[in-house]
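Participant: Would you mind keeping the following structure in view while I ask a few things?
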2 protein chains.
Amino acid sequence: MAHHIGNEHTSRFWSEHQNELIRRVCDLYPENFAPVCQLPQSPGAPIEGSVRELRRCVEEMGFIGCNVNPDPTGGYWTGPPLSDRAWWPLWETMCELDVPAMIHVSAACNPQFHTTGSHYLGADTTAFMQALSSGFMSDFPGLRWIIPHGGGAVPYHWGRFRGMAADQGWEFDALLEHIWFDTCVYHQPGIDLLLSVVPVENVLFASEMVGAVRGINPDTGRHYDDTKVYLDAVPLDEDDRGLVFEHNARRVFPRLELT
Amino acid sequence: MAHHIGNEHTSRFWSEHQNELIRRVCDLYPENFAPVCQLPQSPGAPIEGSVRELRRCVEEMGFIGCNVNPDPTGGYWTGPPLSDRAWWPLWETMCELDVPAMIHVSAACNPQFHTTGSHYLGADTTAFMQALSSGFMSDFPGLRWIIPHGGGAVPYHWGRFRGMAADQGWEFDALLEHIWFDTCVYHQPGIDLLLSVVPVENVLFASEMVGAVRGINPDTGRHYDDTKVYLDAVPLDEDDRGLVFEHNARRVFPRLELT
């Protein structure tokens, strides 16, 4: 992605090329992968190019979801928030096609931010907050977002967000009809927290290949990002394990059945 | 604060006025408050004005610490990161005067960010990451930062940060000679996580008056931001409770003894 590099034209051809490569990998390993596309976002570019590429990927190439970069400027945050009407053609098309979006920034080019250390986690929290404070998702029944890295700072501050929502009259529980958190949190206490506050219906199993950390935790002897180990240590019953590892994903990605 | 409003001149007189008011409140209620100053930061302004005001507050008015806004632009993040040499005169003066800084942004004026929902938490994580990835604090023995809101996203992603540090050869444990996290996390699982991963020597009790949330949690019947209730429910022995509620603060704010 790196949407801050080049321009709308570069981003279009780069995205088309990458998405065709993704399709090819999925054809080579159909038991391992299902295709999710990147979009040709670019700072200041209208969203219509992304709508067009999403439609091409889903309708012509069998993709089941997309990634949306909430900040194509790479850490300068000068575009419109996700609740702005500039984004609405994309949300409408996602609803029409019944595909979800992972809301995940790309590399930071602002020296204030470390890409995987602060930019990713800040963007996750920012996206959640935009949805919560604007309430715009209630206008898009069926719109589904996945917020990566276990939701950034959100589960750790669940009380803050619930409390702010109560103070302001924002719909907190209704938002959870639209938002899922993945499990890319690299230690046991973090995964424990995630599962203790977020409803199990809103947690999607994810692990890494390659993620932000490659090393082995000396305290456990396992890779930091081997998230399944942490999930296996959480006392979930079989039904809840089934939700986290399979059935939530099937609900979020209904086109998985078609591939 | 709201450093994005006005200019360097405005900020100077606003800060001086506020700091004199803080001194007056502390004189009126010496058993309740100890003075910590704001600094006359302004987007693009050199740090020397802040150094001057810090010196005035500490040397002439008995202040024991300061607040540093890592992003005086209010969410546009166009200034230098905290590791940049532009900041170093401030870090040097803090070391000389033996005062810590709370690293806390002010209001966001970028519509991408909600002040207390995403800007605060993102800035906390950003500041920690700047210190970790640059290693600049090792050049300032005795430099002490407090990161508010329980460290933003940091404790929830403790494994990520520890793992990145191990991969990159960054000094993680040495950083904890310089950084403390407060306890402004508004639910029990968050406080439990904080105390389970961050060394108890690095946690400073804090509560709110007025914070991001004013309401009462219907599940507990207590104010969301009454953080002492959560801390009282954590099984800490008396020594550790003494650290969190008093002795860590005395180490971080040695000038407290002088007031």
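Participant: So is A:A2 on the phi > 0 side of the Ramachandran plot, surrounded by fewer than 22 Cβ atoms within 10 Å (Cβ to Cβ) and not polar (S, T, N, Q) or not? Show your work before the answer.
Facilitator: Working: on the phi > 0 side of the Ramachandran plot: yes; surrounded by fewer than 22 Cβ atoms within 10 Å (Cβ to Cβ): yes; not polar (S, T, N, Q): yes.
Considered against the rule, which asks whether it is on the phi > 0 side of the Ramachandran plot, surrounded by fewer than 22 Cβ atoms within 10 Å (Cβ to Cβ) and not polar (S, T, N, Q), A:A2 comes out as yes.
Participant: Yes or no: A:L194 free of Cβ contacts under 8 Å to residues at least 60 places away in the same chain, touching a strand residue (DSSP E or B) at 6+ places or on another chain (Cβ under 8 Å), facing chain B (nearest Cβ under 10 Å) and assigned to a helix (DSSP H, G or I)? Steps first, please.
Facilitator: Values: free of Cβ contacts under 8 Å to residues at least 60 places away in the same chain: yes; touching a strand residue (DSSP E or B) at 6+ places or on another chain (Cβ under 8 Å): yes; facing chain B (nearest Cβ under 10 Å): yes; assigned to a helix (DSSP H, G or I): yes.
The answer is yes for A:L194.
Participant: Tell me which residues, restricted to the range A:203-228, are outside any loop (DSSP other than H, G, I, E, B) and crowded, with 22+ Cβ neighbours inside 10 Å. Before the answer, list the steps.
Facilitator: Going residue by residue through the range A:203-228, those that are outside any loop (DSSP other than H, G, I, E, B) are A:203-204, A:216, A:223, A:227-228.
A:V203, A:L204, A:T227, listed by residue number.
Participant: Checking A:S133 against (1) within 12 Å of chain B (Cβ to nearest Cβ); (2) of a type outside the set (F, W, Y); (3) buried (at least 23 other Cβ atoms within 10 Å of the Cβ), which test does it fail?
Facilitator: (3)
Participant: Still on this structure: Could you check A:C184 against (1) assigned to a helix (DSSP H, G or I); (2) touching a residue at least 40 places away in the same chain (Cβ under 8 Å) and say which number it fails?
Facilitator: Of the numbered conditions (1) assigned to a helix (DSSP H, G or I); (2) touching a residue at least 40 places away in the same chain (Cβ under 8 Å), the odd one out for A:C184 is (1).
Participant: Then there's this: If you scan the range A:215-228, which residues turn out to be within 9 Å of chain B (Cβ to nearest Cβ) and under 21 Å from the mean Cα position of the chain (by Cα)?
Facilitator: Listed by number, the residues that qualify are A:Y224, A:D225.
Participant: Does the range B:56-106 hold any residues that are touching a His at 6+ places or on another chain (Cβ under 7 Å) and either under 28 Å from B:R250 (Cβ atoms) or aromatic (F, W, Y) (or both), and which are they?
Facilitator: Result: B:N67, B:N69, B:V105, B:S106.
Participant: Something else about it: Tell me whether the range B:48-64 contains one or more residues that are within 14 Å of another protein chain (Cβ to nearest Cβ) and either at positive phi or modelled with pLDDT of 95 or more (or both).
Facilitator: Checked against the condition, which is being within 14 Å of another protein chain (Cβ to nearest Cβ) and either at positive phi or modelled with pLDDT of 95 or more (or both), the range B:48-64 yields no hits at all.
Participant: Taking the stated definitions as given, is A:Q112 closer than 21 Å to A:C66 by Cβ and surrounded by 19 or more Cβ atoms within 10 Å (Cβ to Cβ)?
Facilitator: Numbers: closer than 21 Å to A:C66 by Cβ: no; surrounded by 19 or more Cβ atoms within 10 Å (Cβ to Cβ): yes.
When the stated conditions are applied, A:Q112 does not pass them.
Participant: Now, a different point. So for the range B:39-48 (the condition being within 21 Å of B:E257 (Cβ to Cβ) and assigned to a loop (DSSP other than H, G, I, E, B)), does at least one residue qualify? Let's see the steps before the verdict.
Facilitator: To start, the set of residues in the range B:39-48 that are within 21 Å of B:E257 (Cβ to Cβ) comprises none.
There is no residue in the range B:39-48 that is within 21 Å of B:E257 (Cβ to Cβ) and assigned to a loop (DSSP other than H, G, I, E, B).
Participant: Same structure, new question: Among residues belonging to the range B:79-123 that are among the acidic types (D, E) and part of a loop (DSSP other than H, G, I, E, B), point out the one that is farthest from the other protein chains (Cβ to nearest Cβ). Reasoning before the result, please.
Facilitator: First pass over the range B:79-123, keeping only residues among the acidic types (D, E): B:84, B:92, B:96, B:98.
Narrowing the set further to residues that are part of a loop (DSSP other than H, G, I, E, B) leaves B:84, B:98.
Details: B:D84: 8, B:D98: 28 Å.
Per the criteria, the residue is B:D98.
Participant: Oh, and also: For the structure I just gave you, tell me whether B:G44 is more than 14 Å from every other protein chain (Cβ to nearest Cβ), on the phi > 0 side of the Ramachandran plot, surrounded by fewer than 23 Cβ atoms within 10 Å (Cβ to Cβ) and not β-branched (V, I, T). Show your work before the answer.
Facilitator: On the way: more than 14 Å from every other protein chain (Cβ to nearest Cβ): yes; on the phi > 0 side of the Ramachandran plot: yes; surrounded by fewer than 23 Cβ atoms within 10 Å (Cβ to Cβ): yes; not β-branched (V, I, T): yes.
Against the criterion (more than 14 Å from every other protein chain (Cβ to nearest Cβ), on the phi > 0 side of the Ramachandran plot, surrounded by fewer than 23 Cβ atoms within 10 Å (Cβ to Cβ) and not β-branched (V, I, T)), B:G44 qualifies.
Participant: Going through A:A153, A:A127, A:A165 one at a time, which residue ends up being facing another protein chain (nearest Cβ under 8 Å) and either crowded, with 23+ Cβ neighbours inside 10 Å or in a helix (DSSP H, G or I) (or both)? If you could, list the steps in order and put the result at the bottom.
Facilitator: On the way: A:A127 fails: facing another protein chain (nearest Cβ under 8 Å); A:A165 fails: facing another protein chain (nearest Cβ under 8 Å).
One residue alone meets the criteria, A:A153.
Participant: Evaluate the following for B:L231: is it within 13 Å of another protein chain (Cβ to nearest Cβ), buried (at least 18 other Cβ atoms within 10 Å of the Cβ) and of a type outside the set (V, I, T)? Walk me through it before giving the result.
Facilitator: Details: within 13 Å of another protein chain (Cβ to nearest Cβ): no; buried (at least 18 other Cβ atoms within 10 Å of the Cβ): yes; of a type outside the set (V, I, T): yes.
No; evaluated as a whole, the condition is false for this residue.
Participant: Same structure, new question: Do any residues in the range B:86-107 that are surrounded by fewer than 21 Cβ atoms within 10 Å (Cβ to Cβ) have Cβ atoms under 7 Å from those of residues that are at pLDDT below 95, where the two are at least six apart or on different chains, and which pairs are they?
Facilitator: B:A107/B:A2
The values are calculated or read from the model by the stated rules, or taken from the named source; none is laboratory data. This is a predicted model, so every value here is computed, not measured. Cβ coordinates were reconstructed from backbone atoms using ideal geometry, including for glycine residues, and neighbour counts include every protein chain displayed.
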